[in-house]
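What follows is a single structure, written as structure tokens, with notes after it.
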Amino acid sequence: MTPLGPYASFIVTSYALVAAVIAVLIGWVMVDYRRQKARLHDLEASGVTRRSGRSAAKIS
Amino acid sequence: MTLTDLANPSRFLSLATRILPWLAAATALLLAIGLYLSATAPDDYQQGATVKIMFIHVPNAWLSMFVWGVMSVAALGTLVWRHPLADVAQKTAAPIGAAFTFLALVTGSLWGRPMWGTYWQWDARLTSVLILFLMYLGLMALWRAVDDPSRAARAAAVLTLVGAINIPIIKFSVDWWNTLHQPASVFRMGGSTLDRAFLIPLLVMAVGFTLLFLTLHIAAMRNEILRRRVRTLQMLQASKPRAAA
């Protein structure tokens with residue numbers, strides 16, 4: 001890796017910002033998935049089922 | 001498996017669960033290779049090491065337009081075929097596209113300060129990308145403002161297709177107007193003007209970021225389908241006491 005020179009702060013800030021935003025996107029998707037699955041499990045546990053009778057939380 | 005099978009939300013969920021780990025692994029691998037190539041790329045004879053910002057700025061800028069293109073195709077699916085999966089694709093792409101556009105604007109700004117002497121210039125390219133970012137935010141607000149997902153989808157589809165006019169404006173703004181932003185140097189008539197030492201890391205990063213979008217989009221679509229199932233079950237639950245009464 002070559003030295004980053006006099007503008008290193010601009011380069012490092014750019015890469016750090018991209019990494020942070022990507023981490024937020026990944027976190028958002030993962031947390032949302034767990035939240036929706038938990039809500040479906042709670043609803044099914046309370047006796048609410050789909051008209052088809054199939055489990056709403058089962059996706060595979 | 002036909003396209004009709006895939007367009008079934010249950011089938012989509014099953015397929016998404018199977019392919020997401022592979023897509024995520026391919027994304028991580030490509031981005032790791034891209035980062036290594038970016039770190040070891042030589043300095044530019046004029047820009048020095050700041051050329052490394054290009055390896056993240058350009059893929060984000062490409063994706064900011066590509067995601068709107070994906071939303072436009074999904075908008076056609078909503079308006080022409082009224083398919084719920086098209087609604088889901090439209091809705092879930094918007095925040096991801098907004099994030100890529102935000103990153104394109106900010107990394108461009110951080111690249112512009114040392115190279116142009118300014119963080120921002122109201123030239124045609126920068127301004128049209130800022131408008132694209134505002135349109136993404138507007139679409140997200142529209143989705144939140146309307147309770148019924150199918151009504152929101154139709155309104156969002158119209159707005160998406162109208163907003164698609166901005167995509168060729170962004171692409172050709174550097175040719176149509178005098179801009180501080182440089183003209184196209186990769187996809188242009190006569191071939192790329194970039195040296196292979198920069199072109200290869202850039203293309204690897206671009207493919208890596210595109211796979212990242214696909215991974216995030218499919219995962220977000222899966223979440224949205226589950227959210228709609230929650231909504232349906234909550235409506236069933238709410239209607240139960242009335243049915244019994």
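Only the coordinates and a few stated rules stand behind these numbers; no lab work does. Nothing here was measured: the structure is a model prediction, and the numbers come from that model. We place every Cβ from the backbone using ideal geometry, glycine too, and count neighbours over all the protein chains shown.
Where only DSSP H runs of four or more residues are counted, chain B gives -27000 deg cm²/dmol as its mean residue ellipticity at 222 nm, each run worth -39500 (n - 2.57). Applying 1/(1 + (r/R0)^6) with r as the Cβ-Cβ distance of residue A:38 and residue B:83 and R0 = 35 angstrom yields a FRET efficiency of 0.80.
Converting phi to 3J(HN,Hα) with the Karplus coefficients 6.51, -1.76 and 1.60 and the offset θ = phi - 60°, region A:33-43 yields 4, 4, 5, 5, 4, 5, 5, 5, 4, 4, 5 Hz in sequence order, with x at every glycine or proline. In this structure, residue B:193 and residue B:10 have a Cβ-Cβ separation that, at R0 = 51 Å, corresponds to a calculated FRET efficiency of about 0.55. Seen through its C-alpha gyration tensor, with square-root eigenvalues sorted a ≥ b ≥ c, region B:1-87 comes out oblate because a/c lies at 1.5 or above while a/b is not bigger than b/c. With a ≥ b ≥ c taken as the square roots of the eigenvalues of the C-alpha gyration tensor of chain B, please select rounded if a/c is under 1.5 and otherwise prolate if a/b is larger than b/c or oblate if it is not? In terms of gyration-tensor shape, prolate. Helix B:196-244 and the longest principal axis of the Cα set of chain B meet at an angle near 20°. Working from label points 7 Å from Cα in the Cα-to-Cβ sense, the residue B:140 to residue B:236 distance is 3.2 nm.
Give me the percent of Cα-Cα pairs in region B:164-224 that sit more than 17 Å apart, rounded to a whole number.
On the way: 1125 of 1830 pairs.
It works out to 61 percent of all Cα pairs.
With N as its number of residues, region B:21-72 has a Cα radius of gyration that, divided by 2.2 N^0.38 Å, comes to 1.42. Rounded to the nearest whole Hz, the Karplus-based 3J(HN,Hα) values (6.51 cos²θ - 1.76 cosθ + 1.60, θ = phi - 60°) of region B:24-35 follow the sequence 5, 5, 5, 4, 4, 5, 5, 5, 5, 5, x, 5, with x at glycine and proline.
The loop-placed trypsin sites (Lys or Arg not before Pro) in region B:52-97, going by DSSP, that have at most 13 neighbouring Cβ atoms within 10 Å of their Cβ come out as B:82. With R₀ fixed at 22 Å, the C-beta to C-beta distance from residue B:171 to residue B:73 puts the FRET efficiency at about 0.80.
The smallest convex shape that holds all Cα atoms of region B:101-245, its convex hull, gives 142 Å³ per residue. Comparing the protein assembly as shown with the 2.2 N^0.38 Å rule of thumb, its C-alpha radius of gyration ratio is 1.13 (two decimals). Give the separation of the Cα centroids, region B:102-135 to region B:1-62, in Å. Each part reduced to its Cα centre gives a spacing of 22 Å.
Taking label positions 7 Å along the Cα-Cβ direction at both residue B:182 and residue B:155, the computed distance is 4.3 nm, reported to one decimal. Per residue of peptide B:212-220, the mean number of Cβ atoms on other chains within 10 Å of the residue Cβ is 3.
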